[in-house]
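For reference, the structure is listed below as structure tokens.
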Amino acid sequence: MLWDWGYTWEILPVLAGAAIVTIEATLVGFVIAALLGLAFAILRMSPSAWVRLPVGGLVEFIRSTPLLIQIFFLFFVFPKFGVTLSAFTAGFLALGLHYSTYCSEVYRAGLENIPKGQWEASIALNLSPWVTFRDIIIPQAIPPVVPALGNYLVALFKETPLLSAIAVLELMQTAKILGSENFRYTEPMTLVGIFFLLLSLISAAGIRQVERWLKNRRG
Amino acid sequence: MEASTSERPAAAEGGVAPMVRFDRVTKRYGALTVLDDLQLDIAAGEKVAIIGPSGSGKTTVLRMLMTLERIDGGVIWVDGEPMTHMPGPGAAGSGSLVPASQRHLRQVRGKVGMVFQHFNLFPHMSALKNCMEAPVTVLGLSRKEARERGAELLSMVGLGDKLDHFPGQLSGGQQQRVAIARALAMRPKVMLFDEVTSALDPELVGEVLTVIRKLGAEHDLTMIMVTHQMGFAKEFADRVCFFYQGRIAETGAPAELFGNPENERTRQFLSAVLEAG
Ligand SMILES: Nc1ncnc2c1ncn2[C@@H]1O[C@H](COP(=O)(O)OP(=O)(O)O)[C@@H](O)[C@H]1O
Ligand SMILES: [Mg+2]
């Protein structure tokens with residue numbers, strides 16, 4: 001039998017539970033990526049080379065090493081330094097950290113596109129650097145890069161199966177366990193594929209919605 | 001920029017110290033000396049027009065006074081305080097000055113406001129919000145006070161009915177008037193205008209000049225404007241400075257400078273401008 005419907009219905013609720021874990025890891029990871037990425041992008045614009053260069057180096061380093069190694073590092077090596085993280089925490093931290101470096105590049109492009117005149121007007125009005133970023137620069141820099149950020153949200157989502165390597169009970173890990181327990185991989189793996197497809201489509205639609213909202217807001 | 005000595009501007013014979021003093025100010029871009037040993041005093045309430053050929057350093061003068069450019073020599077004073085410098089440590093009374101910290105710059109530059117050639121309004125904020133941003137976040141006004149102040153200034157520049165319009169919904173002339181209101185909302189003592197009408201279609205120039213005229217008549221603001229409108233400079237300014245290659249080649253009352261220029265360069269420039277119409 002190529003496809004067993006009875007088995008399908010049986011494992012569906014288990015996989016749905018695991019999908020929640022996948023979604024949670026994605027969302028928490030992406031919030032970290034988005035915020036940390038913005039912080040990196042801003043720090044890389046610092047007038048002080050003492051800030052700019054180390055941050056730039058760190059970002060390049062994280063970006064050019066594999067995510068899987070970072071996941072292992074947080075989970076297996078950090079405890080040696082007295083920082084013990086649960087598999088889920090290590091997982092979303094690694095995802096967030098890794099993708100923050102991509103987000104930081106996206107923000108950087110957005111920030112560099114702000115005309116010089118906006119910075120100069122901010123100085124002429126004596127706005128503090130903090131207020132300049134918060135009220136003038138960031139609100140203009142982010143809307144144009146939302147599509148690019150959205151792409152990284154979907155990319156991050158699709159990398160969550162890597163967390164199965166440290167046994168986070170997300171979709172992939174759960175499907176593997178189901179498969180090995182029942183000696184049937186066809187149904188769990190197909191269902192996982194379908195979950196990913198559906199959620200990718202939904203988030204892509206969501207991102208378009210956000211884009212449209214940002215556009216309309218300006219009138 | 002190095003430590004300098006520069007005398008606090010003393011009260012002249014008339015009894016008032018200058019509002020702005022450029023004391024031997026030099027500005028270079030690499031090997032190019034854009035302003036050379038500039039010496040210029042501007043009295044409180046004085047309206048000064050700066051004219052001169054393109055590239056003569058007019059914009060740079062304003063940008064230095066707005067602290068948008070660092071200077072390479074000399075000291076700029078505003079309202080009796082050194083702006084580009086501050087008193088050195090333990091040097092009270094010794095007159096020795098060290099380059100200004102960011103903190104010092106933030107304290108002093110509040111006295112200066114600037115209107116730019118290309119408006120530089122915040123495109124994501126309404127006209128009113130543009131005028132409220134700095135009063136709220138810098139001066140600490142309540143939103144209500146800032147809204148009242150902004151609305152009042154926008155009506156003063158003839159835009160009382162456009163408070164909620166975004167810059168993209170306004171004509172160039174209207175945007176420039178919002179920019180004037182935005183700068184005034186900070187209650188500066190010195191206002192700088194850098195060719196504020198040169199990006200405008202000809203039919204919109206008048207409305208902006210009218211606002212500037214009104215400002216000059218109703219307020220005791222010190223105004224420094226770089227302009228190519230010789231007619232306006234003649235009528236509006238108390239004094240005209242003709243810049244040539246980073247130096248003031250000639251300065252005087254508009255009647256003298258336009259009517260009977262002494263410097264050969266001034267004469268050439270004025271006749272070229274007149275010919276261009
Ligand atoms: N950021 C800069 N870098 C290098 N050169 C500059 C810069 N800004 C201005 N300059 C040069 O300084 C000179 C004076 O410029 P500016 O003050 O803008 O002249 P103006 O306003 O009288 O036309 C010009 O030769 C210009 O090319
Ligand atoms: Mg200029």
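The values are calculated or read from the model by the stated rules, or taken from the named source; none is laboratory data. Keep in mind that what you see is a predicted model, and the values were worked out from it rather than measured. Positions of Cβ are backbone-derived with ideal geometry, glycine not excepted, and every protein chain shown enters the neighbour counts. Accessible surface areas use protein heavy atoms only, side chains included; no ligands, DNA or RNA. Shrake-Rupley method; radii C 1.70, N 1.55, O 1.52, S 1.80 Å.
Please name which of A:P143, B:L65, B:N120 has its Cα lying farthest along the dipole of the protein assembly as shown towards the positive end, using unit charges on Cβ (Lys, Arg +1; Asp, Glu -1) and the Cα centre as origin.
A:P143
On a 0 to 90° scale, report how tilted helix A:49-63 is relative to the longest principal axis of chain A, with both axes built from alpha carbons and the result rounded to the nearest 10.
20 degrees
Quick one: net charge of B:G140's neighbours, Cβ under 14 Å, K/R +1, D/E -1?
After counting each charged neighbour, the total is +3.
First measure r as the distance between the Cβ atoms of B:L139 and A:A49, then evaluate 1/(1 + (r/R0)^6) with R0 = 51 Å and state the FRET efficiency to the nearest 0.05.
FRET efficiency, B:L139 to A:A49: 0.95.
Treating the beta-carbon of each Lys and Arg as +1 and of each Asp and Glu as -1, no other charges, what is the dipole magnitude of the range B:36-137 about its Cα centre, to the nearest 20 debye?
Result for the range B:36-137 is approximately 400 debye, rounded to the nearest 20.
State the three equivalent ellipsoid semi-axes of the range B:122-187, derived from the C-alpha gyration tensor as the square roots of 5 times its eigenvalues, in descending order and whole Å.
After diagonalising the Cα gyration tensor, the semi-axes are 18, 11, 10 Å.
Just the accessible area per residue of the protein assembly as shown, please: how many Å² with a 1.4 Å probe? Please list the in-between numbers first.
Details: 23610 Å² over 496 residues.
Here the per-residue accessible area is 48 Å².
Which net charge results for the neighbourhood of A:T160, defined as the other residues with beta-carbon distances under 13 angstrom from its beta-carbon, given Lys and Arg at +1 and Asp and Glu at -1?
Its environment carries a net charge of -2.
Rounded to the nearest 500 deg cm²/dmol, what is the calculated helix-only ellipticity per residue at 222 nm for chain B, with -39500 (n - 2.57) per DSSP H run of length n ≥ 4?
So the helix-based figure for chain B works out to -10500 deg cm²/dmol.
What total accessible surface area, summed over both chains, is buried at the interface between chains B and A, computed with a 1.4 Å probe and given in Å² to the nearest 100?
Values: alone 13200 and 12250 Å², together 23610 Å².
Interface between B and A: roughly 1800 Å².
Check each residue of the range A:173-219 and keep those whose accessible area, probe 1.4 Å, is at least 30 Å² smaller with all protein chains in place than in the chain alone; give them in order of residue number.
Residues shielded by partner chains are A:R218.
Give me, ordered by chain and number, the residues 5 or more places off B:H85 or on other chains with an amide H under 5 Å from its own placed amide H.
HN-HN under 5 Å from B:H85: B:I76, B:A100.
In the neighborhood of A:G56, defined by Cβ-to-Cβ distances under 13 Å, what is the net charge if each Lys or Arg adds +1 and each Asp or Glu adds -1?
Here the count lands on +2.
Starting from the Cα gyration tensor of the range A:63-138, take the square roots of the eigenvalues, sort them a ≥ b ≥ c, and report rounded, prolate or oblate (rounded when a/c is under 1.5, otherwise prolate if a/b is larger than b/c, else oblate). Mind showing how you got there, number by number?
Numbers: a/c = 4.60, a/b = 2.67, b/c = 1.72.
Verdict is prolate for the range A:63-138.
Would you kindly give the portion of the calculated P(r) for chain B that falls above 28 Å, as a percent of all Cα pairs?
Values: 14722 of 38226 pairs.
Here the tail beyond 28 Å accounts for 39 percent of pairs.
Under a Cβ-only charge scheme (Lys and Arg +1, Asp and Glu -1), can you give me the dipole magnitude of the protein assembly as shown about the Cα centre, in debye to the nearest 20?
The dipole of the protein assembly as shown has a size of about 600 debye.
Put A:I136, B:I248 in order of accessible area, largest first, 1.4 Å probe: what do you get?
Sorted by accessible area, descending: B:I248, A:I136.
What is the distance in Å between the Cα centroid of the range A:76-112 and that of the range A:33-70?
11 Å
Which of B:G88, A:A121, A:S48 sits closest to the plus end of the dipole of the protein assembly as shown, meaning its Cα is farthest towards the positive end, when Lys and Arg get +1 and Asp and Glu get -1 on the C-beta?
It is A:S48.
When the Cα centres of the range A:1-27 and the range A:143-219 are compared, how far apart do they sit, in Å?
Cα centres, the range A:1-27 to the range A:143-219: 14 Å.
If R₀ is 45 angstrom, what is the calculated FRET efficiency for the pair A:I69 and A:L2, using the beta carbon separation as r and rounding to 0.05?
Efficiency computed from Cβ-Cβ geometry: 0.75.
Carbon-plus-sulfur fraction of the accessible area of chain B, 1.4 Å probe, in percent?
Working: 5970 of 12320 Å².
Carbon and sulfur together cover 48 percent of it.
Measure off, as a whole percent, the carbon and sulfur share of the 1.4 Å-probe accessible area of chain A, all protein chains present.
The computed percentage sits at 72.
Once phi is turned into ³J(HN,Hα) by the Karplus curve 6.51 cos²θ - 1.76 cosθ + 1.60 with θ = phi - 60°, what whole-Hz value does each residue of the range A:138-147 show in order, with x for glycine and proline?
Coupling constants for the range A:138-147: 4, x, 8, 7, 7, x, x, 9, 4, x Hz.
Choose one of A:I62, A:W5, A:F72: the residue whose Cα lies farthest towards the positive end of the charge dipole of chain A (beta-carbon charges +1 Lys, Arg; -1 Asp, Glu; about the Cα centre).
A:I62
Roughly speaking, what is the stretch gain from A:F183 to A:L12, that is 0.36 nm per residue apart minus the C-alpha to C-alpha distance, in nm to one decimal?
59.9 nm
Given a 1.4 Å probe, show me the residues in the range B:111-132 buried by at least 30 Å² of accessible surface when comparing the whole protein assembly to the chain alone.
The answer is B:F116, B:N120, B:F122, B:P123, B:H124 - residues whose exposure falls by at least 30 Å² when every protein chain is included.
What span do the alpha-carbon atoms of the protein assembly as shown cover on each of the three principal axes, reported in whole Å from largest to smallest?
Over the protein assembly as shown, Cα extents along the principal axes are 105, 54, 43 Å.
If you keep only loop residues by DSSP, which GluC sites (Glu not before Pro) in the range B:138-198 have at most 12 other Cβ atoms within 10 Å of their Cβ?
On the way: sites: B:E145, B:E148, B:E152, B:E195; in loops: B:E195.
In loop regions of the range B:138-198 (DSSP not H, G, I, E or B), there are no sparsely surrounded GluC sites (Glu not before Pro).
In terms of the ratio Rg/(2.2 N^0.38 Å) built on C-alpha atoms, what value belongs to the range B:108-223?
0.97
Which value, in debye to the nearest 20, describes the size of the charge dipole of chain A about its Cα centre when Lys and Arg Cβ atoms bear +1, Asp and Glu Cβ atoms bear -1, and nothing else is charged?
700 debye
Based on the Kirkwood radius over alpha-carbon pairs, what is the Stokes-Einstein translational diffusion coefficient of the range A:5-218 at 10 °C with 1.306 mPa s viscosity, in µm²/s?
So the translational diffusion coefficient is about 83 µm²/s.
Which residues, if any, in the range A:116-139 lose at least 40 square angstrom of accessible heavy-atom surface (probe 1.4 Å) when the other protein chains sit next to their chain rather than the chain being alone?
Residues shielded by partner chains are A:Q118, A:E120, A:A121, A:I123, A:A124, A:L125, A:N126, A:L127, A:D135, A:I136.
Give the long-range amide H neighbours of B:V34: residues separated by 5 or more places, or on another chain, with amide H under 5 Å away, using H modelled in the peptide plane at 1.01 Å from N.
Amide H neighbours of B:V34: B:K27, B:R28, B:Y29.
Under 5 Å between amide hydrogens, which residues at least 5 positions from B:G52 or on another chain qualify, with H placed 1.01 Å from N in the peptide plane?
The list, which skips near neighbours in sequence, is B:F243.
Quick one: what are the phi-derived ³J(HN,Hα) couplings along the range A:12-27, Karplus 6.51/-1.76/1.60 with θ = phi - 60°, whole Hz, x for glycine and proline?
For the range A:12-27, the Karplus-derived couplings read 4, x, 5, 5, 4, x, 5, 4, 4, 4, 4, 5, 4, 4, 5, 5 Hz, x marking Gly and Pro.
So what is the calculated 222 nm ellipticity per residue for chain A, using -39500 (n - 2.57) for each DSSP H run with n of 4 or more, over all residues, to the nearest 500 deg cm²/dmol?
Computed ellipticity for chain A at 222 nm equals -24000 deg cm²/dmol.
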